[in-house]
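All remarks here apply to the structure that follows.
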2 protein chains.
Amino acid sequence: MKARKNHHNGIKAVVMGGGTGTFMVLSSLKHFVSDISAVITMADDGGSTGVLRDELGVLPPGDVRQSLVALSSSSEVMRELFNYRFSTGTFNGHSFGNIFLTALEKVTGSFAKAVVTAGEILHITGQVIPVTTDNVRLCVERGDGSIVQGQKMMISSGFFKGEKTRFFLEPKATINPLAKKAILEADLIILGPGNLHSSLIPILLTDGMSETLKEAKGKKIYITNMMTQPGQTENFSVTDFVDEVEKYAGKDAFDYVVYNDKKPAQELLDTYAKEGEKLVSANKKDFEGKNYKAIGENLVSSKIIPPKEGDKIHRPLIRHDGDKLTRLLMKIYFS
Amino acid sequence: MKARKNHHNGIKAVVMGGGTGTFMVLSSLKHFVSDISAVITMADDGGSTGVLRDELGVLPPGDVRQSLVALSSSSEVMRELFNYRFSTGTFNGHSFGNIFLTALEKVTGSFAKAVVTAGEILHITGQVIPVTTDNVRLCVERGDGSIVQGQKMMISSGFFKGEKTRFFLEPKATINPLAKKAILEADLIILGPGNLHSSLIPILLTDGMSETLKEAKGKKIYITNMMTQPGQTENFSVTDFVDEVEKYAGKDAFDYVVYNDKKPAQELLDTYAKEGEKLVSANKKDFEGKNYKAIGENLVSSKIIPPKEGDKIHRPLIRHDGDKLTRLLMKIYFS
């Protein structure tokens, strides 16, 4: 942990990730800091995003869209519109916001400009920054030396705890200078929660990211997931998550590791168990001798989030509570 | 012509139609009036609009979109975005603005609300009003008694000068109260230019429209097309256009008929002739004894408009000049 610079104008925060975890952190944290930047993963190639990338050659809009909505102070209608997903016909499965960013990239000629313009239209607080503007795919070299490219392929092939894997981007990606600047100026640098392999590792794999994190003087906090995913983070404990992050971000890249230590309701755990998903285990002994400080708290949302139309698995969700998490982040910041 | 009410706050204008003709009038006229309403045709069922109607059950967005862009004071990027048309993949042929209005209708639950919200997002001057919010299709009973429904079918079957046709809407449509109010309050009421059968007649066929026009105290002006269309307005003269309009709007519904009396460049006419499209003829003798005042002027745009990617027929265009037309409309207003 390095000395932080003085600041008199509130807190500058960077949130790195993509998907619903980052949406939740941004939605809550934006009320407590004076400057917030979302540094967003750019390796998604599944679903609506994947079709748009394949057919129109654009950069992946899905994760950026969610972060734009999280930081938007537009009317509820506009935010709903951006997240609206067509459920019939030609557009079936496509999110309107993804189509919006795709058309805007075509009109402005660059994804970076499209994101800035969309931010203006959505009246966002802070900024959304693609971690790279290079057009990359996530690949993994599996234990047997075979290489799998793309998220769809990874999900269908699966890889398991114990299997030695090496993730990489194809072609190489260089860090967006705006992302580098935001991280270097930030007082708080937060990674996750999010899908470890498809969201977080592609960020850490971006050329220049591990050096930037090393140089950054803000407090660096990794928020681990609450639930494991079969075939990806099967049976992972908190330290397994951290080990995987450090493999790509560099040893001791994060000062703090935040995890949930509260068991959600058994009925919820049972529905997750059916899909092979378990609570991430934490053993305090595992943290002994580590250079990071591990902090376990009750971070479970007590709201029962009803399943939505279009959810792959129809069940109530176990989710982080944005307010509890933000309170913990602030406590760490002011400690 | 009835006495106009006094007004001290500039001119209130209503422009009725859809498509590029109405786009042109709105784009120019908006700078000369203090209050402008676009009353838009709602019977389109071709192209991108037709697919969206068929697959998602929404009202036709295409003509409304063009009018929104015409009245928008948003950035050039936003206006371009709305008119952006995808040219490959799943979205091929779809206009982004159409997708926008469709998603917004789904989110807000009504097309009328979607149009108002889109108007706010695009920072429009004045208002865009669907002539009806009933979900209708245009039908025609041909000379032999057969009935053809929908624009695509009409274009492929064609009907000809001399053939006795009767157009109607299926089911019936009732005039949007906002359209009625705008027309009754307007100082200038303008119809066209636009496709006679697919754009203008569906407006006139709306229940309550001919009564509203009769009651309206503003100057009523019909702007005829410059070129005929084969199978639709084949060999039509200016008076043929007016006769067809009066058949649906009521006798003497319009006080003025405006037409172009300048021959465009012969090379342009030749490219149109290849498609069976001719200059609309005007014989001053035909206007004798009519209750409307016919005014012919040079209204041809001297700009050569280059063909665009995606145009059905690849050729330079013969178009009205918005400024010339607006100057004539103002001259009529102040006469």
Fill in the blank from the handout: the protein assembly as shown -> Rg/Rh from Cα coords, Kirkwood Rh, value 1.09
Handout entry: Distance between modelled label sites at B:ASN135 and A:PHE334, nm, 7 Å Cα→Cβ extension
Key = 5.5
Fill in the blank from the handout: Ordered by number, the trypsin sites (Lys or Arg not before Pro) in segment B:54-142 that occupy a DSSP loop and have at most 14 other Cβ atoms within 10 Å are none
Problem - Share antiparallel - DSSP beta bridges, segment A:231-335, percent rounded to 5 - result: 25
Problem - Part-to-part distance (alpha-carbon centres) for segment B:96-121 and segment A:80-144, which is given in Å - result: 20
Exercise for the section: For segment A:169-212, divide the Cα radius of gyration by the Kirkwood radius and give the resulting Rg/Rh value with two decimals. Expected result: 0.97
Completion exercise
So, relative contact order of chain A in percent, Cα under 8 Å, 6 or more apart, is 17
Completion exercise
Listed by chain and number, the residues whose amide H is under 5 Å from that of B:ASP35, excluding neighbours fewer than 5 places away on the same chain and using placed H, are B:ILE11, B:ALA13
Practice task
Quote to one decimal, in nm, the extra length available between B:GLU215 and B:PHE32 on full extension: 0.36 nm per residue of separation minus the C-alpha distance between them.
Solution key: 63.4 nm
Fill in the blank from the handout: Heavy-atom accessible surface buried between A and B, both sides counted, 1.4 angstrom probe, nearest 100 Å², is 2400
Problem - segment B:104-183: GluC sites (Glu not before Pro) in DSSP loop, at most 16 other beta carbons within 10 Å - result: B:GLU163
Handout entry: Added length on full extension, which subtracts the Cα-Cα distance from 0.36 nm per residue, B:GLU55 to B:LYS262
Key = 70.1 nm
Fill in the blank from the handout: Taking Cα pairs closer than 8 Å and at least 6 residues apart, the relative contact order of segment A:43-130 in percent is 31
Exercise for the section: Could you provide, to the nearest whole Å², the per residue accessible area of chain B with probe 1.4 Å? Expected result: 43
Practice task
For segment B:121-230, state what percent of all Cα-Cα pairs lands in each successive 10 Å bin, counting from 0 Å until the bin that includes the largest distance.
Solution key: 12, 39, 34, 14, 1
Exercise for the section: In Å³ and rounded to a whole number, note down the convex hull volume per residue for the Cα atoms of segment A:1-118. Expected result: 134
Fill in the blank from the handout: segment A:164-197 scanned against label point 7 Å out from A:SER157 along Cα→C-beta; backbone N under 14 Å for A:164-170
Problem - segment A:81-153 - Rg and Dmax from Cα coordinates, angstrom - result: 16.3, 49
Completion exercise
Hydrodynamic calc, segment B:251-290: Kirkwood Rh from Cα pairs, then Stokes-Einstein at 20 °C with viscosity 1.002 mPa s, so D in µm² s⁻¹ is 171
Problem - Cα-based radius of gyration of chain A once divided by 2.2 N^0.38 Å, which approximates compact folds - result: 0.94
Completion exercise
One would report the antiparallel percent of DSSP beta bridges in the protein assembly as shown, rounded to the nearest 5, as 30
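The values are calculated or read from the model by the stated rules, or taken from the named source; none is laboratory data. Computed from a predicted structure; not experimentally measured. In this analysis, Cβ positions are derived from the backbone assuming ideal geometry, glycine residues included, and neighbour counts consider all displayed protein chains. Ligands, DNA and RNA are excluded from the accessible area calculation, which covers all protein heavy atoms including side chains. Shrake-Rupley method; radii C 1.70, N 1.55, O 1.52, S 1.80 Å.
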